[in-house]
Amino acid sequence: MTDWKIFEGDSSTQDDSKIDRLPPAPPWRPFGKTQEEIRERKLKRGQNYQASEAEVQAVNAALYLRRPLLITGRPGTGKTSLAYAVAYELGLGEVLYWPITTRTQLKDGLYSYDAIGRLQDSQQKEEQGESGKNSLANIGDYIQLGPLGTALLPRKEQRQRPRILLIDEIDKSDIDLPNDLLYVLEEGRFEIPELVRISKKLKQVEVRTSYSDEDEATYSADATTMIQGGKVPCGAFPLVIMTSNGERDFPPPFLRRCLQLEMEDPLEDKLKQIVKAYLGENKKVEQEANKLVEAFLEKKEKDVLATDQLLNAVFLLTQKQVGQDRDELAELLLKSLSSVEAI
C-alpha cells in the first residue's frame, strides 16, 4: 500500500478513517470552504494570470473602442481567465458570466420572466382570500436581468465605469445567436416587453440583477435595480469578452463589430510561472513542475492538452509516496483531449 491512496479497491474491509487522510483540495477547487475563501480564489484567478503583450493590447483596444473582444484558442489557453485578470486589475467588480449552449437564446442573456410563478402566486393569494390578482406592483419579483442585461445597466454612481461580461464558448451557440446579438452590441440598449406594456400604469419597477457574490461591492450596489419604462439604456458600454474554441465560423457582420484575438498556447517559461502562481514557492513542486512541463510540451506537439491538466498533474504527483505510480498517473492526467478516450 502507498500512503497517497485513499481508496484501495479492497471491498472486503470497511474503514472510514481512510478518508480522513485526504489532503486539502487544490487551490482552484475550493469546495466546502467559506464564502470569503471562495472569493479569494476568484481574486487569485485574476491575480495569477500571466497576460501576454498581444492580450494586453487587445484588451486596451476593446476598452478604448467600446467593442467586444472575441478570443479564439484551444481549450486551456486561459481565454476565460483573461476576463478575471482584467476585472481584478481594473477593479470592475464581479465578472458577469454567461455560458453558451446550443439552446441559448438572446433573451436568456437579457432577462427572464417567471410568468408561471407569478400566476401560481396570484392563484394562491386568491384562494387565501387576499386581493392582488391583477396587481402589477409585484411584477418585479418575477423578473431577473441576465448577464448581458446586467452588463448594460448604468452604474448608480455618477461616473459611468464599464461592467465586465464573459460570454463563454459562443461557438457552441445556435447559428442565429451571433446575429441576434448584433443590435444589442451595436446600440447598447434593450427593452423588457412585459414592463413596456405596463409602463403607463407603472413607470418604474425594481428587479433583480445577475450579480451573485454577496462579498463584492457590485452586489451591494446593484443586486437590484430600477427599470424605468421597461427600457435599459447603456451607461457605459461593458467590456465584453467572448471566447471560442474555434469550432465554427461566424458571420462577417458579427465579426465586423468585434476585435479578434487568437490566443497562443503558453510556452515553457509561462507554464512555469502559472504553476508557481497557483502552487506557490516550493522546491519539490518546482522540481516536479520542471519535469512535467517538459513532458507536457513534448506531448502537446501531437496531442490537444489544457494548462489545467498540467496543474492537476503537478499537484497530484507532489503528494506523499506517489513515486511508484508516477508514470501511470502522468499518463492518466495528461490524456489528450482529442482522443476517443477523452470524450
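Note on Q47 and W28: the model spin-label points, each 7 Å out from Cα along the C-beta direction, lie 1.7 nm apart. Does anyone have the angle between helix 53-65 and the longest principal axis of the chain? Alpha-carbon axes, 0 to 90°, nearest 10? Tilt relative to the chain: about 0 degrees.
How would you classify the stretch 226-282 from its alpha-carbon gyration tensor, with a ≥ b ≥ c the square roots of the eigenvalues: rounded for a/c under 1.5, else prolate if a/b is greater than b/c, otherwise oblate? It comes out oblate by the Cα gyration axes. Dimensions of the chain from C-alpha coordinates, computed as largest minus smallest value along each principal axis and given longest first, are 74, 53, 39 Å. Between the helical axis of 79-90 and the longest alpha-carbon principal axis of the chain there is an angle of about 70 degrees. Derived from the Cα gyration tensor, the three semi-axes of the equivalent ellipsoid of the stretch 198-316 are 45, 23, 11 Å, largest first.
Sorted on the mean count of surrounding Cβ atoms within 10 Å across their residues, most packed first, peptides 112-125, 79-92, 281-294 read 79-92, 281-294, 112-125. Over all distinct Cα-Cα pairs of the stretch 267-342, the Kirkwood formula returns a hydrodynamic radius of 12.6 Å.
When you count the other C-beta atoms within 10 angstrom of each residue and take the mean per peptide, 243-251, 144-152 line up highest first as 144-152, 243-251. Computed from label points 7 Å out along Cα-Cβ, the spacing between D308 and R155 is 3.1 nm. From the Cα gyration tensor of the stretch 146-217, with a ≥ b ≥ c the square roots of its eigenvalues, which class applies: rounded if a/c is under 1.5, or else prolate if a/b is larger than b/c, or else oblate? It comes out oblate by the Cα gyration axes.
Considering only L311, L329, L69, the Gaussian network model of the chain with Cα springs below 10 Å gives its largest mean-square fluctuation to L329. The angle separating the long axis of helix 115-127 from the principal Cα axis of greatest extent in the chain is about 60 degrees. Checking the cross-link pairs K79/K283; K18/K335; K272/K300; K203/K231; K79/K270 against a 18 Å limit on the alpha carbon distance flags K79/K283; K18/K335 as lying beyond it.
We did not get these values from a lab; they are worked out from the coordinates using the rules stated. None of these values were measured; they are calculated from a predicted model. Positions of Cβ are generated from backbone atoms using ideal geometry, with glycine treated the same way; all protein chains shown enter the neighbour counts.
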